[in-house]
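The values are calculated or read from the model by the stated rules, or taken from the named source; none is laboratory data. What you see is a predicted model, and the numbers here were worked out from it, not measured in a lab. With ideal geometry, Cβ positions are generated from the backbone for all residues, glycine too; neighbour counts draw on all protein chains shown. Ligands, DNA and RNA are excluded from the accessible area calculation, which covers all protein heavy atoms including side chains. Shrake-Rupley method; radii C 1.70, N 1.55, O 1.52, S 1.80 Å.
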Amino acid sequence: MAALALPPDFSGSTEDRATYLGGSEIGAVAGLSPYASALDVWAAKVEGVRTVATEAMDTGTHFEGAIVSWYARRSGVALDSLRIVGTARHASEPWIAATPDRVLIDERRILQAKMVGVHSAKRWGAEDDGPDGVPAEVLAQVQWEMLAVRGAGIVEADLALVVAQIGTEQRV
């Protein structure tokens, strides 16, 4: 497997989040998120208002690696091919950035892992949601992430996998 070569403008730092719009924020800005609004994003960027991590957010962060590992095992994807790349900033539009959960370099894909709790499980698979029942704000997030990793020169991502762990069921 080829070594991952990151472009010189790659930024793994989260200290400068006020200088870019990230993948997890795009759904709110576009009015697609039931959890945050464009005003919330503005308040964070301009006023420095910090988001307080909820129990659901902490749980998702904690189980991300396990979700990815379980996906790799079940799908036959080599776990070491699912790379963590940090925050990717678009080279010509540095205000566009994202931190995909994993990138499959050889397959030109990104992967977004979601731990779906009991209160939001009903939103996954609803007929009015996007492909395969993925909520609209998550679709916006992975589109933004593909734009960022392409623009940063990390990988020409043309497909996003959303791996949702809904209780004991894993949906891809």
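Find the accessible area per residue for the chain; the probe is 1.4 Å, ligands and nucleic acids are left out, and the unit is Å².
Values: 9660 Å² over 172 residues.
Value for the chain: 56 Å² per residue.
Of the GluC sites (Glu not before Pro) in region 90-156, which ones lie in a loop per DSSP and count no more than 16 other C-beta atoms within 10 Å? All intermediate terms of the calculation are to be shown ahead of the outcome.
Values: sites: Glu107, Glu127, Glu137, Glu145, Glu156; in loops: Glu127, Glu156.
Passing both the DSSP loop test and the Cβ count: Glu127, Glu156.
So for the pair Ala18, Glu169, with labels modelled 7 Å out along Cα→Cβ, what separation do we get in nm?
4.4 nm
For the chain, state the semi-axes of the equivalent ellipsoid (square roots of 5 times the eigenvalues of the alpha-carbon gyration tensor), sorted largest first and rounded to whole angstrom.
Each semi-axis is the square root of five times an eigenvalue, giving 23, 23, 14 Å.
Given labels modelled 7 Å from the Cα in the Cβ direction, how far is it in nm from Ala53 to Trp70?
It works out to 2.0 nm between the two label points.
Using heavy-atom solvent-accessible surface (probe 1.4 Å) with all chains present, what is the largest-first order of Val77, Val46?
Solvent-accessible surface, decreasing: Val46, Val77.
Using the Cα atoms as the points, what is the convex hull volume per residue of region 111-172 in Å³?
About 78 Å³ per residue, rounded to a whole number.
Could you tell me which of Gln141, Ser120, Leu161 has its Cα farthest along the dipole of region 20-172 towards the positive end, charges placed at Cβ (Lys, Arg +1; Asp, Glu -1), taken about the Cα centre?
Leu161
When only alpha-carbon atoms are used, what values of Rg and Dmax, in angstrom, describe region 41-82?
My reading of the Cα-based Rg and Dmax gives 15.9, 45 Å.
How high is the relative contact order of the chain, in percent, counting Cα pairs under 8 Å that sit 6 or more residues apart?
In percent, rounded to a whole number, it is 27.
Ignoring ligands, DNA and RNA, what percent of the 1.4 Å accessible area of region 89-172 is carbon and sulfur?
Here carbon and sulfur together make up 52 percent of the probe-accessible area.
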